[in-house]
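For reference, the structure discussed in these notes is given below.
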Amino acid sequence: MKLTAKQRAILSGKKGKGAAKAMEILAALGRIHGAADLVAVGSVQVSGVSYGNIGEHGLAFLEDWAAMGSKAVVPATMNPGGSDRRLWKSLGFSAAFVKKQERVIRALEGLGIRPSLTCTPYHVGVTPKLGEHVAWAESSAVCFANSVLGARTNREGGPSAIAAALAGVTPRHTLHTDEGRLPTRIVEVKCRVPTAADAGALGYLVGRLAASDQKGGVPFITGVTPPGGPERLTWLKALGAGMAASGSVGLYHLDCVTPEAVAQGSRLAKAAGQRSVVKDLAEGYRTLDRGAGKIDVVAVGCPHASPEDLTRILRLLNWKKAKLPFWIFVAEEVRRQAETDGVAASLGRCGATLVADTCIVVSPLQSLGIRTVATDSAKAAFYLPSHHGAAVYFGPLEQNVEAALRGSWQSS
Ligand code: F3S
């Protein structure tokens with residue numbers, strides 16, 4: 001892989017030890033993936049932020065890197081960590097855990113990464129343009145950036161995203177190239193997909209199909225369109241999050257909807273080697289909706305909720321009071337806005353809590369005494385049983401709000 005003179009200078013330590021380490025990682029990854037060169041990125045999103053996931057080794061790795069003194073040269077944000085920085089005590093997080101989590105955040109801040117602590121950078125002012133190269137790491141954010149925004153990113157690992165932030169470049173391969181963005185499979189959908197939870201269930205099924213495609217699946221989906229209005233983005237987010245979870249899909253094309261499908265739909269569709277049909281969502285719901293017994297928490301906002309989602313939840317609560325803990329995960333910047341607008345206080349009167357900086361999957365659920373979760377997120381329903389041994393009720397937002405208000409899950 002070719003490095004420019006500037007990149008070779010960084011590699012030799014001219015911009016500091018931390019940047020040299022970054023360039024070393026990027027050059028090695030570029031060689032492994034057969035990249036032609038390193039491409040400049042407009043933004044970076046770093047994962048591996050939760051202390052619960054990275055542990056002592058991860059923390060030491062980040063602190064060592066931060067001690068080298070190099071800083072991000074492009075805007076860089078953080079994925080959710082393991083606890084809410086403001087509400088940790090009232091939510092039941094331990095002081096010892098929060099202390100370690102704060103050290104992770106400080107180390108990343110030392111590397112010049114903004115503590116946005118969200119998987120939805122596009123809700124906090126980072127919205128890449130069509131065709132822009134970025135280096136994002138969180139799977140649902142990667143799928144959203146590539147598919148809905150038409151930006152270009154592979155799914156970075158924690159260290160490779162930090163390296164991209166420090167060097168401002170990433171290896172140009174796979175989803176950074178026109179060829180890597182061609183569909184591998186057409187998926188014809190023959191059923192209605194009205195809600196975001198349905199989109200998540202569809203995403204889960206499509207991800208399972210695409211997982212067997214060579215070089216990582218890129219599905220071209222036909223026969224379905226998202227709802228209009230503010231629910232559109234929530235639906236598209238849920239679709240991508242579901243397939244990123246079950247099939248590591250980093251890009252989908254939705255016929256006549258996503259920008260590359262709109263611009264070159266029939267040319268793209270011709271490239272797909274495989275064809276599948278999804279007749280209904282029953283198998284998705286059967287696998288994801290496996291709750292049993294008393295619900296410990298109703299958790300929505302995976303991926304993190306938008307301001308419009310909060311208004312919708314408030315409407316569904318209709319000034320009634322939740323009987324169960326009802327957590328809505330958001331970016332801290334979205335929570336602050338909701339506090340300013342009065343939406344947070346109204347949700348609070350209905351018994352709902354805006355939880356920021358973390359999420360239901362990356363927080364230490366067992367130590368919070370949470371064993372059974374209700375959610376509208378296919379991604380959360382996919383990971384909670386394996387990561388935390390939790391039982392999960394999965395269904396549309398309306399069903400979750402109803403469960404919070406009644407105190408139990410009503411099967412549809
Ligand atoms: Fe985001 Fe956590 Fe879900 S990182 S996509 S809220 S699993």
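The values are calculated or read from the model by the stated rules, or taken from the named source; none is laboratory data. It should be emphasised that the depicted structure is a prediction, and the values quoted were computed from it without experimental measurement. Cβ coordinates were reconstructed from backbone atoms using ideal geometry, including for glycine residues, and neighbour counts include every protein chain displayed. Surface areas here come from the heavy atoms of the whole protein model, side chains and all, with no ligands, DNA or RNA. Shrake-Rupley method; radii C 1.70, N 1.55, O 1.52, S 1.80 Å.
For segment 182-285, what does the convex hull of the Cα positions come to per residue, in cubic angstrom?
82 Å³
With only Lys, Arg, Asp and Glu charged, each at its Cβ (+1 for the first two, -1 for the last two), find how big the charge dipole of segment 247-302 is about the Cα centre; round to the nearest 20 debye.
180 debye
Using a simple spin-label model with points 7 Å from Cα along the Cα→Cβ vector, what separation in nm is obtained for residue 60 and residue 99?
Between residue 60 and residue 99, the simple spin-label model gives 1.9 nm.
Show me 282-290, 165-173, 92-100 ranked by packing, highest mean number of other Cβ atoms within 10 Å first.
165-173, 282-290, 92-100
What number of lysine-lysine pairs in segment 5-176 show an alpha-carbon separation below 14 angstrom, given a sequence spacing of 8 or more or placement on distinct chains?
7
How big is the Cα convex hull of segment 289-406 in projection, averaged over all directions, in nm²?
For the Cα atoms of segment 289-406, the hull's average projected area reads 6.3 nm².
I need the phi-derived Karplus couplings for segment 84-95: 6.51 cos²θ - 1.76 cosθ + 1.60, θ = phi - 60°, integer Hz, Gly and Pro marked x.
7, 5, 9, 9, 3, 5, 5, 8, x, 6, 7, 4
Using Cα centres only, tell me the gap between segment 117-138 and segment 252-288 in whole Å.
Measuring centre to centre over Cα atoms gives 23 Å.
Regarding the chain, what whole-number volume in Å³ per residue does the convex hull of its Cα atoms give?
126 Å³
Show me 7-18, 263-274 ranked by packing, highest mean number of other Cβ atoms within 10 Å first.
Those peptides, ordered most packed to least, come out 7-18, 263-274.
Placing unit charges on C-beta atoms (Lys and Arg positive, Asp and Glu negative, everything else neutral), compute the dipole magnitude of the chain about its Cα centre in debye, rounded to 20.
420 debye
Distance from a point 7 Å along Cα→Cβ of residue 290 to each backbone N in segment 188-215: keep the residues under 17 Å and list them by number.
Correct set: 201, 204-205, 208.
Give or take rounding to whole Å, what are the principal axis extents of the alpha carbon atoms in segment 208-360, in descending order?
Rounded to whole Å, the extents work out to 53, 38, 26 Å.
Describe numerically, in nm with one decimal, the distance between label points set 7 Å from Cα along Cα→Cβ at residue 280 and at residue 320.
For residue 280 paired with residue 320, the spin-label model returns 2.8 nm.
What is the percent carbon and sulfur in the accessible area of segment 289-406, measuring with a 1.4 Å probe over the protein chains and ignoring ligands?
The computed percentage sits at 50.
Residues of the chain: accessible area per residue at 1.4 Å, in Å²?
I get 40 Å² per residue for this part.
Return the carbon/sulfur percentage of the accessible area of segment 182-285, one whole number, probe 1.4 Å, all protein chains in place.
Its accessible area is 52 percent carbon and sulfur atoms.
Quick one: dipole size for segment 289-406, taken about the Cα centre, charges +1 on Lys/Arg Cβ and -1 on Asp/Glu Cβ, in debye to the nearest 20.
Roughly 460 debye, rounded to the nearest 20.
Within 10 Å, count the other beta carbons around each residue, average over each peptide in 325-331, 401-407, 135-141, 343-349, and list them highest first.
Peptide ranking by packing, descending: 135-141, 325-331, 401-407, 343-349.
Take the alpha-carbon positions of segment 5-176, form their convex hull, and give its projected area averaged over all directions (one quarter of the hull surface) in nm².
Computing the convex hull of the Cα atoms and averaging its projections yields 9.7 nm².
Determine the share of segment 1-71's accessible area contributed by carbon and sulfur atoms, expressed in whole percent, with a 1.4 angstrom probe.
56 percent
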